[in-house]
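Laboratory data are not the source of any read-out in this text; all were calculated from the coordinates shown. Remember, predicted model here, so these are calculated numbers, not experimental data. We place every Cβ from the backbone using ideal geometry, glycine too, and count neighbours over all the protein chains shown.
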Amino acid sequence: MQARLEAMAGALMRADGMAVDFCTPPGAPALAAPDSVSWRVFKNPIALFIGGVAAVLLELAEPKVRAGVWDHTSFRTDPVTRLKRTGLAAMVTVYAPRETAEAMIAGVSRRHAKVRGVTDGGAPYAADDPDLLDWVQATASWGFLQGYHRFVAPLSAADRDRFYAEAAPAARLYGALNSPTSEAGLERAFAAMAPRLEPSPVIREFLDIIRRAPALPPGLRLLQPLLVRAAVDILPGWARERLDLGPADGLSAWRLPVVKALGRAADRLVLESAPPARACIRMGLPADWLYVARASAA
């Protein structure tokens, strides 16, 4: 299993026809520092999977974002490639040298600038609309943070605020100029967007796709529907109600400790071919530094 996970981690760095070297040049800083909350959170693949699915659920609830994602990406036809591409983008944003991250983000922004359309309700949209970019940034940061906080290790209020603040430099590069920089800012963003969110058959279709897509190694694939349930479970109660997601879509009492056990185990799983370990080496730190020193300090 370790070998398969190492192979997947190595393949991630070559996703989307792009090869990223997280190990060089020595000492090159990333957009976030090694002792950041971001480096601690993003090393955990269970938290990222759960948080990423939860974020997409909230994004698909906004009609303009939903149309942009569903009409202009390959998610329905090739979900695994799409997931790898998104995963690589997250790793580059957090762990890659700043210059590499800035170049990748600029490319993403150029692609966004070409995405235009009209929703089923007749509203025009543009993928580079700052309002939509703010929402995508807010949901992504919230999802990854909550995935870690709920299923790996509780984070203090100060660390949660730090996490949102650490995302601000990358958010601005993506064009999200007013994304939340604190938990209070996140709550304001949720309150402002809530009236625009709505249920859609697309949300159920997304959940069905993400349960079945071979995103995890074969030995872990049976657990994938469980992680999707965990993603629904971390949605705020008001959001689950608005999206017509009931208790049967989330975690039952016996499933919760199973997901927590998976999250905690993943937090100690050192994959030397994965971006977090490679980035530590670039910064002159042991490959397991995030998994030992930072985990002990958390």
Quick shape check on the stretch 116-224: root eigenvalues a ≥ b ≥ c of the Cα gyration tensor, a/c under 1.5 is rounded, otherwise prolate if a/b tops b/c, else oblate, and it reads oblate
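Return the calculated 222 nm mean residue ellipticity for the chain, to the nearest 500 deg cm²/dmol, obtained by summing -39500 (n - 2.57) across DSSP H runs with n ≥ 4 and dividing by the residue count. Could the numbers behind the result be given before it?
Working: 16 runs with 182 residues, N = 298.
It comes out at -18500 deg cm²/dmol, rounded to the nearest 500.
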Rounded to the nearest 20 Debye, what is the dipole magnitude of the stretch 31-185 about its Cα centre when Lys and Arg each give +1 and Asp and Glu each give -1 at the C-beta? 440 debye
Lys pairs in the stretch 26-265 with Cα under 29 Å (8 or more apart in sequence, or on separate chains) total 6
The relative contact order of the stretch 26-265, taking Cα pairs under 8 Å that sit 6 or more residues apart, comes to a percentage of 28 percent
For the stretch 215-298, restrict the atom set to alpha-carbon positions and state the Rg and Dmax in Å. 16.7, 49
Going through the DSSP H helices of the chain, which span 20 Å or more along their own axis at the Cα atoms while scoring at least -0.5 as a mean Kyte-Doolittle hydropathy? 45-60, 79-95, 130-151
Quick one: check the C-alpha center-to-center distance for the stretch 216-256 versus the stretch 133-164, whole angstrom. 18 Å
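So if the hydrodynamic radius of the stretch 140-298 is defined as the Kirkwood radius over C-alpha pairs, what does Stokes-Einstein give as its diffusion coefficient at 25 °C and 0.890 mPa s, in µm² per second?
Working: Rh = 17.9 Å.
Translational diffusion coefficient: 137 µm²/s.
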Over what distance in Å are the Cα centres of the stretch 176-201 and the stretch 260-283 separated? 30 Å
HN-Hα J couplings of the stretch 175-181 from phi, Karplus 6.51/-1.76/1.60, θ = phi - 60°, integer Hz, Gly and Pro as x? x, 8, 7, 10, 6, x, 10
In the calculated pair distance distribution of the stretch 63-183, what percentage of Cα-Cα distances lie above 23 Å? 35 percent
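Using per-residue counts of other Cβ atoms within 10 Å, averaged over each peptide, order 218-225, 139-146, 263-270 from highest down.
Working: 218-225: 12.9, 139-146: 25.2, 263-270: 17.1.
Answer by packing, highest mean first, reads 139-146, 263-270, 218-225.
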Rounded, prolate or oblate for the chain? Axes are the square roots of the Cα gyration tensor eigenvalues, ordered a ≥ b ≥ c, and the cut-off for rounded is a/c under 1.5. rounded
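Is the shape of the stretch 70-132 rounded, prolate or oblate, going by the alpha carbon gyration tensor and its root eigenvalues a ≥ b ≥ c, with a/c under 1.5 for rounded and a/b larger than b/c for prolate? Walk me through the numbers on the way to the answer.
Working: a/c = 3.04, a/b = 1.53, b/c = 1.99.
Oblate, since a/c reaches 1.5 and b/c is not below a/b.
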